[in-house]
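Structure record follows, encoded as structure tokens.
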Amino acid sequence: MPNKPVRWMMSRPGAPFVAAEFEASPSAGDVTVKVAGCGVCHTDLGYYYDGVRTNHALPLCLGHEISGQVIATGAGAEAWMGKTVIVPAVIPCGSCDACRRGKETICRNQKMPGNDIQGGFASHIVVPARGLCPVDGSRLEIAGLTLADLSVVADAVTTPYQAVVQAGVSPGDLVIVNGVGGIGGYCAQIAKAFGGTVVAIDVNQDRLEAIAGETAALTLNARGMQQRDLKSAIQAFAKASGLRPTEWIVFECSGTRSGQETAYGLLNHGATLAVVGFTMDKVEIRLSNLMAFHARALGNWGCPPALYPAALDLVLDGRVKVAPFVEQHPLDEINRVFEAVHHGDIHRRAVLVPAA
Ligand SMILES: [Zn+2]
Ligand SMILES: [Zn+2]
């Protein structure tokens, strides 16, 4: 008899994940996905280490950055059988008032794996079929990527993709990405693909060097730099590059208090601040700067499923590189991997891969 589906459960924050067998049979409208890989996200660390509450009661299997193959289908979802897919990190209901008006990211009936429903640190997951993003296997092979690598498209790529679309990045824009590990590294590549000239800021020199040149036209190490020095360095760069001294588009991807303060301090006339990273910390800022600068601040939660195919295209075309920023680890080592990510010993996105 084949092994039963297994998922790694969090019983309470900080307690070791424990493997548990379960039945992975899909109801009507659902599919069972055999997980190829599931990325470890900052949000998972928040649930596990920082006491951020999950919507679903514990015990819960975390993990919302999932790719895999459909191996069973419920009634009405038969067309998905056998397909390789990316599971959106946020799956909207598709039928409520917000969804019908195209505002799917604020759907109150949305399902986020590893938060509202059982997640992807598992051999299998049962999810609604609607919103799945199909992956063309032949293009995947040509791109030299594995299906597990593509798990990061479910969140780390699509969340900044949505932010870049929402901020309206276009050719001629000066784009500042603050925090270029993980999500920020993809944000920088996507903003470049949309025609922006990218300035990358981080406190980690390795991360800056990883995207200097090809992606970022200017990199600045914020460690040891005063806020006003950062701003004047970017002003000088804009002038030398023939870019506007106004209307900068700033993506805050560090998810730290100091990073948010840095990003806010870079606003200028007509600027856009996009808050992509998350922290529980509070910052002290002069909110009236938004008024004085006629600036705007935007947030975004996940990405509507309709945008996934275009985001995936950027990856499969090689315009957004994922392979250098991903490393795979066996799912069985989830406890070790969480500790290593938490302690900063793993710099790339850790993708947990179930045993074949
Ligand atoms: Zn995430
Ligand atoms: Zn809805």
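Cβ-Cβ distance of SER288 and ARG223, R₀ of 30 Å, FRET efficiency by 1/(1 + (r/R0)^6): the value works out to about 0.55.
First check a/c for region 143-277, with a ≥ b ≥ c the square roots of the eigenvalues of its C-alpha gyration tensor; if it is under 1.5, answer rounded, and if not, answer prolate when a/b is larger than b/c or oblate otherwise.
Details: a/c = 1.62, a/b = 1.43, b/c = 1.14.
It is prolate, given that a/c is not under 1.5 and a/b is the larger ratio.
Distances between placed amide hydrogens fall under 5 Å for GLY255 paired with GLY277, PHE278, all partners being 5 or more residues away or on another chain.
Residue order by solvent-accessible surface for ILE183, ILE190 is ILE183, ILE190, largest first, with ligands and nucleic acids left out and a 1.4 Å probe. Residues whose amide H comes within less than 5 Å of that of ALA350, counting only those at least five positions distant or on another chain, are VAL40, GLU327 (H built at 1.01 Å from N in the peptide plane). Quick one: which residues, 5+ away or cross-chain, put their amide H under 5 Å from the amide H of LEU298? H built at 1.01 Å from N. Hits under the 5 Å cutoff: LEU273, ALA274, VAL275. Length available on full extension from ARG12 to SER170: 0.36 nm per residue minus the Cα-Cα distance, which gives 52.4 nm. Working from label points 7 Å from Cα in the Cα-to-Cβ sense, the ARG296 to ASN335 distance is 4.9 nm. Estimated from the Cβ-Cβ distance and a Förster radius of 25 angstrom, the FRET efficiency linking ARG139 and ALA323 is about 0.95.
Rounded to the nearest 500, the 222 nm mean residue ellipticity of the chain from helices alone is -7000 deg cm²/dmol, with -39,500 (n - 2.57) taken per DSSP H run of at least 4 residues. Of the trypsin sites (Lys or Arg not before Pro) found in region 61-148, the ones in coil according to DSSP and having at most 12 other Cβ atoms within 10 Å of their Cβ are ARG101, ARG108. Cα centroid separation, region 192-227 to region 301-356: 21 Å. Along the axis of the charge dipole computed for the chain (Cβ charges of +1 for Lys and Arg, -1 for Asp and Glu, origin at the Cα centre), the listed residues ALA236, HIS269, MET10 are led at the positive end by HIS269. Residue-wise HN-Hα couplings along region 155-168, as the Karplus relation 6.51 cos²θ - 1.76 cosθ + 1.60 with θ = phi - 60° gives them from phi, are 8, 4, 8, 6, 5, x, 4, 4, 5, 5, 5, 5, 6, x Hz; Gly and Pro carry x.
The phi-based Karplus calculation (6.51 cos²θ - 1.76 cosθ + 1.60; θ = phi - 60°) puts the 3J(HN,Hα) values of region 212-220 at 5, x, 4, 9, 9, 6, 9, 10, 10 Hz, whole numbers, x for Gly and Pro. The alpha-carbon of LYS34 sits under 16 angstrom from the alpha-carbons of these aspartates and glutamates, leaving out residues fewer than 8 places away in its chain: GLU21, GLU23, GLU65, GLU78, ASP149, ASP332. Fully extending the segment from LYS103 to MET81, taken as 0.36 nm per residue of separation minus the present Cα-Cα distance, adds 5.1 nm. Under 16 Å from a label point set 7 Å out along the Cα-to-Cβ vector of ALA310, the amide N atoms of region 90-113 belong to 102-105.
The values are calculated or read from the model by the stated rules, or taken from the named source; none is laboratory data. On a predicted model such as this, the values are computed, not experimentally measured, just so you know. Every residue, glycine as well, gets a Cβ built from its backbone with ideal geometry; the counts of neighbours run over all protein chains shown. To get the accessible areas, we keep the full protein, side chains included, count just its heavy atoms, and leave off ligands, DNA and RNA. Shrake-Rupley method; radii C 1.70, N 1.55, O 1.52, S 1.80 Å.
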